[in-house]
């Protein structure tokens, strides 16, 4: 299944995306930066970013990493390609691709990243399964997502807003952590609240290991 075009694919906001989101998403991208620094000494390390968007994570890339970023939106990729040219690194490949059907072989990557992606696609669990499939055994999958906590009053209220956020803002609010933990062949290693605004966390940073 292919994702539907704008407004869900953020074409309408691509020119302003960095100005709007860079500050709000900085905590989550800092966690991604830490992961990338941890693999920088592995000369053969292969990293895939699913939903690279405008390329907010590119500045964190060590030169030695073999990196591929994919996105379903060409306008966002144009912005990411401009940033990649400015970095002058040789091992950055950016491609147009659907996150729910990755055109990569099984067990290909040491680290797979997805920042603010799985709640913006039609099928979050299918996207996660594809990310798991292309990750090497013992490799890691890092996800940043706005998750619903089943036992909180706030989450119940946020769930009510789900039809509105899906239609007008392009993301869902009904995804919970338990559904991700039930996925096969992965183990949750870390969970951390990130992207705080006025002390309120917008997102969760999740780190999984493929078993």
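Quick notes
Here's the yes/no breakdown for (1) at pLDDT 90 or above; (2) over 16 Å from residue 203 (Cβ atoms); (3) surrounded by fewer than 16 Cβ atoms within 10 Å (Cβ to Cβ):
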| site | (1), (2), (3) |
| --- | --- |
| 121 | no, no, no |
| 125 | yes, yes, yes |
| 135 | yes, yes, no |
| 138 | yes, yes, yes |
| 145 | no, no, no |
| 152 | no, no, yes |
| 164 | no, yes, yes |
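- Of the residues making up the stretch 37-72, those that are at pLDDT 90 or above and within 15 Å of residue 120 (Cβ to Cβ) are 49, 50, 51, 52, 70, 71, 72.
The values are calculated or read from the model by the stated rules, or taken from the named source; none is laboratory data. On a predicted model such as this, the values are computed, not experimentally measured, just so you know. All Cβ positions, glycine included, derive from the backbone under ideal geometry; neighbour counts span all protein chains shown.
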